[in-house]
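Undergrad: For reference, the structure I am asking about is given below.
The values are calculated or read from the model by the stated rules, or taken from the named source; none is laboratory data. Keep in mind that this is a model prediction, so the values were computed, not measured. Note that we place each Cβ from the backbone using ideal geometry, even for glycine, and neighbour counts take in every protein chain shown.
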Amino acid sequence: MLENDTTTQTYRFEEELQGPPPKLWKTAMGGAACLGLFVALCWSLYALERFEPMDFQYQKATGPCVAGGLVAVGLVLGSTWREHRIRARELRARNEAAAVDGGPMETGSEGVWGTGGFYGWGLKAALCLGAPLLGAVVTLGLCFTANALLDSSQPTYVPTEITGRLVERHSFLARFYKIEYLVPGSHKAETFNTSPQILSDFHADKCLLHVYEGRLGWPWVKDLTPLERGASIGI
């Protein structure tokens, strides 16, 4: 009987130290937020490659990127600080209850704002530097997406010269198949993302670029056609 009482007290002691388990809805919301952020980042990286405007000057997107970075900083810092305050209140409530019952007192805190020392400051610095960068990348990707997918303009066909066919591999995780071309009057070659099948079948030295004005006024290439197949198009 004494052994059972000791085991029960040990379990209760461990439960008091661990605190109440996290609520299921908080865990679900956290997982959904992480998944949504991952999907948004992946799509933005794809959009930066696929929908990049022609001869784009990134200074044009300074305003949206700064705004996106500030929003990301506000969301990250606000959510982490709110979680820190909630945990601090819960810790204080448990210690007040433990003081009445004669239980053990908890010390310290969790999370980014409750962690001190070099490790804690490193986490804070990573959040303050990484959040605006992440926000700017996602915002720029969404701008490229809106510029392309919301575009209702008519195409302009631009004859151009093919300078190469490329396969780029990034960190052994993704491959990009590109056709490199040089627009007349330009000294910098640009690339068009395509599929492996089109890249392998594309043997022309010249092509027609299907250039659209872009919803945001940033011209972009939607497609390209080998010049021998596009000869029937009125130019």
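Undergrad: May I ask you to say which residue of Ala67, Ala98, Ala93 is part of a helix (DSSP H, G or I) and either under 27 Å from the mean Cα position of the chain (by Cα) or under 30 Å from Lys178 (Cβ atoms) (or both)?
TA: Numbers: Ala98 fails: either under 27 Å from the mean Cα position of the chain (by Cα) or under 30 Å from Lys178 (Cβ atoms) (or both); Ala93 fails: either under 27 Å from the mean Cα position of the chain (by Cα) or under 30 Å from Lys178 (Cβ atoms) (or both).
Just one listed residue meets the conditions, Ala67.
Residue by residue, here is whether (1) part of a helix (DSSP H, G or I); (2) of a type in the set (Gly, Ala, Ser); (3) assigned by TED's automatic domain parsing to the domain that holds Gln57; (4) modelled with pLDDT of 90 or more holds:
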residue	(1), (2), (3), (4)
Gly111	no, yes, yes, no
Leu129	yes, no, yes, no
Thr139	yes, no, yes, yes
Cys143	yes, no, yes, yes
Arg165	no, no, no, no
Glu168	no, no, no, no
Arg175	no, no, no, no
Thr191	no, no, no, no
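Undergrad: Can you name every residue in region 193-231 that is small (Gly, Ala, Ser) and either assigned to a loop (DSSP other than H, G, I, E, B) or touching a helix residue (DSSP H, G or I) at 6+ places or on another chain (Cβ under 9 Å) (or both)? Full working, then the answer.
TA: Step one: filter region 193-231 for residues small (Gly, Ala, Ser), giving 195, 200, 204, 214, 217, 230-231.
Of everything in region 193-231, those that are small (Gly, Ala, Ser) and either assigned to a loop (DSSP other than H, G, I, E, B) or touching a helix residue (DSSP H, G or I) at 6+ places or on another chain (Cβ under 9 Å) (or both) turn out to be Ser195, Ala204, Gly214, Gly217, Gly230, Ala231.
Undergrad: So which residues in region 214-224 are under 13 Å from Gln154 (Cβ atoms) and buried (at least 17 other Cβ atoms within 10 Å of the Cβ)? Steps first, please.
TA: From region 214-224, those under 13 Å from Gln154 (Cβ atoms) are 214, 219, 222; that's our starting set.
Correct list: Gly214, Pro219.
Undergrad: Something else now. Identify all residues within region 117-166 that are of a type in the set (S, T, N, Q) and out of contact with any helix residue (DSSP H, G or I) (no Cβ under 7 Å at 6 or more places or on another chain); write none if there are none. Step through it out loud before you land on a result.
TA: Kept after step one, since they are of a type in the set (S, T, N, Q), are these residues of region 117-166: 139, 145, 147, 152-154, 156, 160, 163.
Hits for region 117-166 are Asn147, Ser152, Ser153, Gln154, Thr156, Thr160, Thr163.
Undergrad: List the residue pairs whose Cβ atoms are under 6 Å apart, where the first residue sits in region 36-50 and is under 10 Å from Leu142 (Cβ atoms), the second is of a type in the set (S, T, N, Q) and assigned to a helix (DSSP H, G or I), and the two are 6 or more positions apart or on different chains.
TA: Going by the 6 Å Cβ cut-off, the qualifying pairs are Ala47/Thr145.
Undergrad: Kindly provide the set of residues from region 174-212 that are charged (D, E, K, R) and either touching a Lys or Arg at 6+ places or on another chain (Cβ under 6 Å) or surrounded by fewer than 17 Cβ atoms within 10 Å (Cβ to Cβ) (or both), ordered by number.
TA: Of all residues in region 174-212, those charged (D, E, K, R) come to 175, 178, 180, 188, 190, 201, 205-206.
Answer for region 174-212, where residues must be charged (D, E, K, R) and either touching a Lys or Arg at 6+ places or on another chain (Cβ under 6 Å) or surrounded by fewer than 17 Cβ atoms within 10 Å (Cβ to Cβ) (or both): Arg175, Glu180, Lys188, Asp201, Asp205, Lys206.
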